[in-house]
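Step one of this worksheet: look at the structure below.
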Amino acid sequence: MPERAEPRFASGLLMLADISGYTAFLERVTDAHPELAAGVEPVPPAYDFMITLLDLVADELQPTFRPVQTEGDALFAVADADVVTNRGREGLERIGSTHAAYHARIELQREMQQHECTACVFIGSLELKFVVHAGSFVVQQLPNRTHVAGPAVILAHRLLKNGVTERTGLRGYALMTDAALELLGLDRSE
């Protein structure tokens, strides 16, 4: 068994980029393709498309954010404090360009789509939201992946369950904590 590195503390930004509507969309795919329940090939193209969306988000967030793992409909990424401290404009631009690339990819898929099941017509309802928090966390480099843990990580994940959509009507947004704004050197009013 390969040797594991000792855990270490790090600090910086913790980001979750979450696809809103993911579960409802894949439930529609399941309803449109009853053969899925039986495990009969071929796998509907919607599954491959959803993975390409998460890959696109991971690629677009780099080099500022380093992807740690995908979590179903979300990508969890970190940015070291020395990379983002007082670089709020760059951080916001990275989030904005990722959001734009995400929607460009959905539009391209709609234009190229040859598969028109009753679920795929809803592809445009998929939205991308970001939750960004800052703090200290434990990093452990394992043989095949990086594991990040700690209270700040837990809080970032809890922030995905928020009332932003209910209060604002927005399904796509970037929710940044005061700690994230401070690290980025941004004022709340920006």
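Only one entry in HIS99, HIS147, HIS133 is under 18 Å from ASP73 (Cα atoms) and modelled with pLDDT of 85 or more, namely HIS99.
Filtering region 20-53 to residues that are under 30 Å from THR85 (Cα atoms) and open to solvent by less than 10 Å² (accessible area, probe 1.4 Å) leaves only LEU53. On inspection, MET176 does not qualify as farther than 21 Å from ASP80 by Cα and open to solvent by 30 Å² or more (accessible area, probe 1.4 Å).
Are any residues in region 49-69 touching a strand residue (DSSP E or B) at 6+ places or on another chain (Cβ under 8 Å) and either under 14 Å from LEU128 (Cα atoms) or not hydroxyl-bearing (Ser, Thr, Tyr) (or both), and if so, which ones? So that I can check it myself, show each step before the final result.
Residues of region 49-69 that are touching a strand residue (DSSP E or B) at 6+ places or on another chain (Cβ under 8 Å), as a first pass: 50, 53-54, 57-58, 61, 64-69.
If the condition is that a residue be touching a strand residue (DSSP E or B) at 6+ places or on another chain (Cβ under 8 Å) and either under 14 Å from LEU128 (Cα atoms) or not hydroxyl-bearing (Ser, Thr, Tyr) (or both), then MET50, LEU53, LEU54, VAL57, ALA58, LEU61, PHE65, ARG66, PRO67, VAL68, GLN69 are the ones that fit.
Selection of first residues in region 158-178 that are in contact (Cβ under 8 Å) with a residue 12 or more places away in the chain and within 16 Å of GLY21 (Cβ to Cβ) and of second residues that are open to solvent by less than 60 Å² (accessible area, probe 1.4 Å) and small (Gly, Ala, Ser), restricted to Cβ pairs under 8 Å at least 6 apart or on distinct chains, gives the following pairs, ordered by first then second residue: LEU160/ALA74; THR165/SER20; ARG171/SER20; ARG171/GLY21; GLY172/SER20.
Do you know which residues across region 162-188 are assigned to a loop (DSSP other than H, G, I, E, B) and closer than 16 Å to MET15 by Cβ? Selection gives ASN162, GLY172, TYR173, THR177, LEU186. Of all the criteria given as (1) open to solvent by 50 Å² or more (accessible area, probe 1.4 Å); (2) under 30 Å from PHE122 (Cα atoms), the one not satisfied by ALA17 is (1).
When region 151-161 is limited to residues that are outside any helix (DSSP H, G or I) and in contact with a strand residue (DSSP E or B) (Cβ under 6 Å, 6 or more places away or on another chain), the one that is modelled with the lowest pLDDT turns out to be LEU160.
Residues are listed down the side, and each one gets a yes or a no for (1) outside any strand (DSSP E or B); (2) closer than 30 Å to GLU182 by Cα; (3) of a type in the set (S, T, N, Q):
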| position | (1), (2), (3) |
| --- | --- |
| ALA37 | yes, no, no |
| LEU54 | yes, yes, no |
| VAL57 | yes, yes, no |
| ARG94 | yes, yes, no |
| ILE106 | yes, no, no |
| THR118 | yes, no, yes |
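The values are calculated or read from the model by the stated rules, or taken from the named source; none is laboratory data. Bear in mind the structure is a predicted one, so any value in this text is a computation, not a measurement. Using ideal geometry, Cβ is built from the backbone for each residue, glycine included, and neighbour counts are taken over all protein chains shown. Accessible surface is based on the protein model in full, side chains and every heavy atom, while ligands, DNA and RNA are left aside. Shrake-Rupley method; radii C 1.70, N 1.55, O 1.52, S 1.80 Å.
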